[in-house]
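What follows is a short report on a single structure.
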Amino acid sequence: MLKFLARRLLLLLLSAVCITFVIFFLTNLQPNLRKVAKFEAGSRISDAEVTSWLQKNGYDRPFAVRYGEWLGVVPGWTGTNDEGAPVGRCIHAGADPASAPRYCGILQGDWGTSSVFKDSVGKIVATRLGLTGILMFWVMVTMVPISLAIGILAGMREGSRLDRALSTLSIASTSTPEYVSGVVLIVLFASSMTGLKWFKGSAASAMDGITFENFFLPVATIALYGIGYIARMTRASMTEVMTAQYIRTARLKGVSFRNVVLRHALRNALIAPFTVIMLQFPWLLNGVVITETLFNYKGFGWTLVQAAGNNDIQLLLGCSVCAVFVVLVTQLISDIGYAFLNPRIRIG
Amino acid sequence: MTPLNWSEILLAVALRLWPVWAALIATFALSIIFKRRLGLYGKLFDSTVGMIGFALVMFWAYTALFAPMIIDHDVLSQVGQMKNVVPGTPMPDGSGYYLLGGDHLGRDVFSRMVAGSSVVLQIAPLATLFAYMVGITLGLPAGYFGGRLDDGLSFLANLVLAFPVILLFYLLVTPEIVETGLPQYVAAVIFILPLLFLLLLLNSRYYVKPGFRNAAAAVILVAGGWTYLSLVSEKDTRIAFLPDALDWIHVPPNILIVFVSVIFVNAPTVFRIVRGLTLDIRTRDYVAAAQTRGEGPWYIMLWEILPNARGPLIVDFCLRIGYTTILLGTLGFFGLGLSPESPDWGSTINAGRKLLTIAPHPAFVPALALMSLVLGLNLLADGLREESLRD
């Protein structure tokens, strides 16, 4: 088990390094840097001025070195500005150059400064993640029990009318991406067209205080797309378990159908959905970005869109690292959890 | 002219779609008559779910095909008085109606929805097909040979899968990336795999008949190579080695990057499916028999394993077109890649969502269209799965 864990952790680290390198590469491509130069130094500057700005700010050095600096394994770049005062990656505006640390990358907890929000990236990402965390919490609270219930009810008696109805419902739910269900839900429940106006079409006010009225639609939008998928996986797992020998034995022994389902089948049927739910996180992230944009909820997804749209390289890198971290960690948890839950898998 | 009421609108829309109904009825009549001779496709008509799915998919396929006949207003022309008008409003000059209303720029929502179907149905199936070619070409050897090759390719696939899709889109589908020529370089790598696939397919089977093999290989190389070069090369970009007169496929760089990123997202999953199936089928007796006969590895992979893996692959192919449609919609929703003028459903939803509470129809119509197409594909896949499991 320890060897398995160590191997998984090593692979995770390797993946993290590879992915952050690719993201760093894509965000630091020459045209992107030129755009940053124009954003910082004025949009009308000439090409020569752009080049000199990049040189002055340390962007002209080898790519691998800059990646190392950003990661915090290579000492931060230093130089002097026009007045001869020392400047550098690790010397923040207004800080004493002598006391600046030698290394300042994400490993040291220095995530850089966002050029759009004029704040430290670490702080922005932490606040936004908190807001998204609340959204995710409610999504999980609604999505997981509903989808498990649908899956188990459908898989309990394969081919029954209930199964067919619930399966069709799950298929319909997986064919409704967030930007469709969001639009449909807003039109039905928040527009003047039907005149229902039960809920609000924007979740902007939910950032100050969550009410049922302003938070129901975003949560429902994300949950709806996920429910179908998890329910189908649960159903598949449940139908497989229900045909197993020990279920037949239990039935022949005279155990009631209700008890067979609850005591014997359920536990074994829930192993597969656990993995699916864990692996659902990356997809939820997708949904979060769409839903937060649609409902104007200024969480992590909204921040990611803003960072990408405004070419805010540091913030985009910060968001990407968080997103990738979430994905990799959930993958790890699902692997370990699967091995832990399923006694048939022995890890040598 | 007086505005139409809802039943008149529905009737008018149905009448505009007459070529679609005609084609649908013909398809169903022929298929049901000959269903016993049509293999898996014919069996589809034994399952209600499969038939509903197939009808939905074919509805959109025919709509895309007959789009020029169905559209009754120009997709891009803006009429000032028709901004955000409700469905069934007559044109100010009396030349027909805006059947499903006008959008925020005064364009006809119905015509744009129909035109959007041809954009979506041109990109989604083709991108899925390419993702399949890439996934199969890499997944078969990974599953068959195993070892280092498998470890390496699986690591790469997992790496791509760990990228949040939306992040990948935001990083890849930008004008700056297009400027660097990166999409064309990636396309140059991705598009060569189908060519390689076809050549391998041919060589593994016909290497015993060198005459036929050489002739067929030459045809594939000339036709495929030309297609490949015209796909990748484009005037005034980084890769522009083909003279303009010979360049018969014009893919604008912003469409190419959409294409490449969608393939990039889908290929690793296809790779994993193909690899898993290969691992399973590799242990079968007929593979051992072929090995004993002395067949080469590529013959076994392409002519023994692949045909026997077709069932799950066809089902997944249907599902994946639906997923690709969703991805394309996502790109349009964030205004990435496709031009904002483009009538594709994602972009139209994006344009309409700002006025959702006042004028819902510009976003509602394409949203329903996208949902029904994806639903059709999912139901079709479900029907196919059920019917293929039956025997």
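Could you tell me what percent of the accessible area of segment B:190-249 is made up of carbon and sulfur, with a 1.4 Å probe and every protein chain present?
Numbers: 2510 of 3530 Å².
Using a 1.4 Å probe with all protein chains present, segment B:190-249 comes out at 71 percent carbon and sulfur.
Which residues in segment A:37-67 have a backbone N closer than 12 Å to a point placed 7 Å from the Cα of A:A100 along the Cα-to-Cβ line?
A:57-58
May I ask you to compute the full-extension gain from B:T180 to B:I33, defined as 0.36 nm times their residue separation minus their alpha-carbon distance, rounded to one decimal in nm?
Answer, rounded to one decimal: 47.4 nm.
Between A:L294, A:L304, A:L252, which gets the highest mean-square fluctuation from a Gaussian network model of chain A, Cα cutoff 10 Å?
Looking only at A:L294, A:L304, A:L252, the largest GNM fluctuation is found for A:L252.
What is the spread of the Cα atoms of segment B:316-360 along each of their three principal axes, largest first, in whole Å?
Cα spread of segment B:316-360 along its principal axes, largest to smallest: 39, 21, 14 Å.
Below 13 angstrom from the Cβ of B:P268, what's the summed charge of the other residues (Lys, Arg +1; Asp, Glu -1)? Walk me through the numbers on the way to the answer.
Working: positive: B:R272, B:R275, B:R320; negative: none.
Charge balance near B:P268 sits at +3.
I want the local charge near A:F39. Using Cβ-Cβ distances under 13 Å, sum +1 for each Lys or Arg and -1 for each Asp or Glu among the other residues.
+2
What ranking of B:E295, A:E40 comes out by heavy-atom accessible area, probe 1.4 Å, highest first? Write down the numbers at each step before the final one.
On the way: B:E295 50, A:E40 95 Å².
Reading off the accessible areas and sorting them downward yields A:E40, B:E295.
What spacing in nm lies between the two simple spin-label points modelled at A:I45 and B:D74, each 7 Å away from Cα in the Cβ direction?
Using points 7 Å along Cα→Cβ, the separation is 4.4 nm.
Which residues of segment B:123-166 bury at least 40 Å² of accessible area once all protein chains are present, versus their chain alone (1.4 Å probe)?
B:F155, B:L159, B:A162, B:F163, B:P164, B:I166
Heavy-atom accessible surface, probe 1.4 Å, ligands and DNA/RNA ignored: which residues of segment A:155-180 lose at least 50 Å² versus the isolated chain?
So the qualifying set is A:I171, A:S175, A:Y179, A:V180.
FRET efficiency for A:V65 and B:W18, Cβ-Cβ distance as r, R0 = 41 Å, nearest 0.05?
0.05
Rounded to the nearest 10 Å², what accessible area does B:H104 have for a 1.4 Å probe in the complete protein model?
B:H104 has an accessible surface of roughly 60 Å² with all protein chains in place.
Quick one: Debye curve from the C-alpha atoms of chain B, no solvent, what's log10 I(q)/I(0) at q = 0.06, 0.07, 0.09, 0.11 Å⁻¹?
Values returned for q = 0.06, 0.07, 0.09, 0.11 Å⁻¹ are -0.29, -0.39, -0.64, -0.93.
When we measure straight from the Cα of A:K200, which lysines land under 20 angstrom away, once same-chain ones fewer than 8 places off are left out?
Partners within reach: A:K298, B:K354.
Rounded, prolate or oblate: which fits segment B:206-300 when a ≥ b ≥ c are the square roots of the eigenvalues of the alpha-carbon gyration tensor, with rounded for a/c under 1.5 and prolate only if a/b beats b/c?
Oblate.
Taking chain A as the reference, fit the longest principal axis to its C-alpha atoms, fit the long axis of helix A:271-295 to the helix C-alpha atoms, and give the angle between the two in degrees, 0 to 90, nearest 10.
Helix A:271-295 sits roughly 50 degrees off the main axis of chain A.
Could you pull out every whole DSSP H run in chain B that spans at least 27 Å of Cα extent along its own axis and averages 0.5 or higher on the Kyte-Doolittle scale?
In chain B, the long hydrophobic H runs are B:109-145, B:210-232, B:253-281, B:310-333, B:361-390.
For segment A:251-309, what is the Kirkwood estimate of the hydrodynamic radius, computed as the reciprocal of the mean inverse distance between distinct Cα atoms, to one decimal in Å?
It works out to 14.6 Å.
Work out, in µm²/s and without decimals, the Stokes-Einstein translational diffusion coefficient of segment A:133-347 at 37 °C, 0.692 mPa s, Rh from Kirkwood over C-alpha pairs.
172
With a 1.4 Å probe and all protein chains kept in place, how do A:K200, B:K43 rank by accessible area, largest first?
A:K200, B:K43
Taking only protein heavy atoms and a 1.4 Å probe, what accessible area per residue, in Å², does the protein assembly as shown have with all protein chains in place?
With all protein chains present, the protein assembly as shown gives 46 Å² per residue.
Could you compute how much accessible surface B:D93 exposes when probed at 1.4 Å, giving the result in Å² to the nearest 10?
120
Starting from the amide H of B:Y97, placed 1.01 Å from N in the peptide plane, find each other amide H under 5 Å away whose residue is 5 or more places distant or on another chain.
Correct list: B:M91.
Could you estimate the translational diffusion coefficient of segment B:53-190 from the Stokes-Einstein equation, with Rh from the Kirkwood formula over C-alpha pairs, at 20 °C and 1.002 mPa s, in whole µm²/s?
Roughly 113 µm²/s, to the nearest whole number.
Computed FRET efficiency, Cβ-Cβ of A:A172 and B:L149, R0 45 Å: what is it to the nearest 0.05?
0.65
In whole Å, largest first, what are the principal axis extents of the Cα atoms in segment B:271-391?
Over segment B:271-391, Cα extents along the principal axes are 71, 32, 17 Å.
Please determine, in degrees from 0 to 90 and to the nearest 10, the orientation of helix A:178-190 with respect to the longest principal axis defined by the Cα atoms of chain A, where the helix direction is its Cα long axis.
Computed tilt is about 80 degrees.
What does the charge add up to near B:I281, with Lys and Arg as +1, Asp and Glu as -1, over the other residues with Cβ less than 14 Å from its Cβ?
On the way: positive: B:R275, B:R282, B:R284, B:R310; negative: B:D280, B:D285, B:E304.
The answer is +1.
Just to be sure I understand the interface: list residues from segment B:350-382 that lose 20 Å² or more of accessible area between the chain on its own and the complete protein assembly, 1.4 Å probe.
The answer is B:R353, B:L356, B:T357, B:P360, B:F364, B:A367, B:L370, B:M371, B:L375, B:N378, B:L379, B:D382 - residues whose exposure falls by at least 20 Å² when every protein chain is included.
Once the whole set of protein chains is in place, how much accessible area is left on A:D208, using a 1.4 Å probe, in Å² to the nearest 10?
Counting only protein heavy atoms, A:D208 exposes about 150 Å² to solvent.
What is the mean number of Cβ atoms from other protein chains located within 10 Å of the Cβ atom of each residue in peptide B:26-38, rounded to a whole number?
Counting other chains' Cβ atoms within 10 Å and averaging over B:26-38 gives 0.
Counting only protein heavy atoms and rolling a 1.4 Å probe, how much accessible area do A and B lose on contact, total for both sides, in Å² to 100? Please list the in-between numbers first.
Details: alone 19050 and 18980 Å², together 34020 Å².
Using a 1.4 Å probe, the pair buries roughly 4000 Å².
Using only Cα atoms, tell me the angle between helix A:121-156 and the longest principal axis of chain A; keep it within 0 to 90° and round to the nearest 10.
Result, in degrees: 20.
So how do B:72-81, B:299-308 stack up, highest first, on mean other-Cβ count within 10 Å?
Taking the mean over residues of other Cβ atoms within 10 Å, the ranking is B:299-308, B:72-81.
Please flag any cysteine in the protein assembly as shown that has no other cysteine's Cβ under 4.7 angstrom from its own Cβ.
Taking the Cβ cut-off of 4.7 Å, the unpaired cysteines of the protein assembly as shown are A:C18, A:C319, A:C322, B:C318.
How high is the FRET efficiency between A:A126 and B:I192 when r is their beta carbon distance and R₀ equals 45 Å, given to the nearest 0.05?
0.50
Could you work out the pair-distance distribution P(r) of the protein assembly as shown from its alpha-carbon pairs, with 20 angstrom bin width and percents rounded to whole numbers?
Histogramming the protein assembly as shown at 20 Å steps yields 14, 46, 33, 6, 0 percent.
Could you grab the relative contact order for segment A:133-347? Cα pairs under 8 Å, six or more apart, rounded to a whole percent.
Taking the mean separation of contacting Cα pairs over the length of segment A:133-347, I get 23 percent.
Can you give me the % of accessible surface on segment A:133-347 that is carbon or sulfur? Probe 1.4 Å, all protein chains present, nothing else counted.
65
Quote the relative contact order of chain B in percent (integer), defining contacts as alpha-carbon pairs under 8 Å separated by 6+ residues.
For chain B, the relative contact order is 24 percent.
What does the helix-only formula give at 222 nm for the protein assembly as shown: each DSSP H stretch with n ≥ 4 adding -39500 (n - 2.57), the total divided by the residues, and the result rounded to the nearest 500 deg cm²/dmol?
The per-residue figure over the protein assembly as shown is -22500 deg cm²/dmol.
The values are calculated or read from the model by the stated rules, or taken from the named source; none is laboratory data. Source: prediction; values computed, not measured. For neighbour counting, all protein chains shown are included, and Cβ atoms are generated from backbone atoms with ideal geometry for every residue, glycine included. Protein only, heavy atoms only, side chains kept; ligands, DNA and RNA dropped before computing areas. Shrake-Rupley method; radii C 1.70, N 1.55, O 1.52, S 1.80 Å.
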